[in-house]
Structures are given as structure tokens and as C-alpha cells.
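Here is the structure we will look at, set down as C-alpha cells.
The values are calculated or read from the model by the stated rules, or taken from the named source; none is laboratory data. Quick caveat, the model's predicted, so the values are computed rather than measured. Using ideal geometry, Cβ is built from the backbone for each residue, glycine included, and neighbour counts are taken over all protein chains shown.
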């Protein structure tokens, strides 16, 4: 089981629902509500029952990122080849 915190408030910050709590020194800290029992349960997590680490949309985004990085790498290699650099 995780840690317990005193819930001070709940706010929409940085584009997500966050909970505010005091740390050990009394400073107000925040966490995404989804990381806590105060957050709504993600239906994907419930349906996958822990069998998948990523949402399908996240996998598609990863594929696009890798494609973009490979494209940049190939472009840099082509430029280096034209200059005679190995």
C-alpha cells in the first residue's frame, strides 16, 4: 500500500485534476489525482487488468516519434554523405 496524505484541496492545474496535500515540513504539494485513490479510475486500466503498460493512443504517438527521429537521422546521414563525412 502507498502513503496516506491529508487532502487539502483538489484543483485543475497544468491541464489535469490535481490534489493538494501538506508534506512532512508543512509545504503544500500536489499530485495528479489519477495517482491517488481520489482520482477517477481509468477504464482502460480496469479493462486491461494490468496486461498492458500503454494506451493504444500512446503507442501510436511513440511510433510517430520514432519515425520522426529516424527521418532526422537519415537526413543527417544524407547530408554527411554529400560532404564526404563518414
Looking across the range 11-31 at residues that are at pLDDT below 90 and not in a loop (DSSP other than H, G, I, E, B), the single one that is surrounded by the most Cβ atoms within 10 Å (Cβ to Cβ) is 17
Return the pair list, or none, for Cβ contacts closer than 7 Å from residues in the range 34-48 that are part of a helix (DSSP H, G or I) to residues that are surrounded by 12 or more Cβ atoms within 10 Å (Cβ to Cβ) and modelled with pLDDT under 80, at least 6 apart or on different chains. 44/55
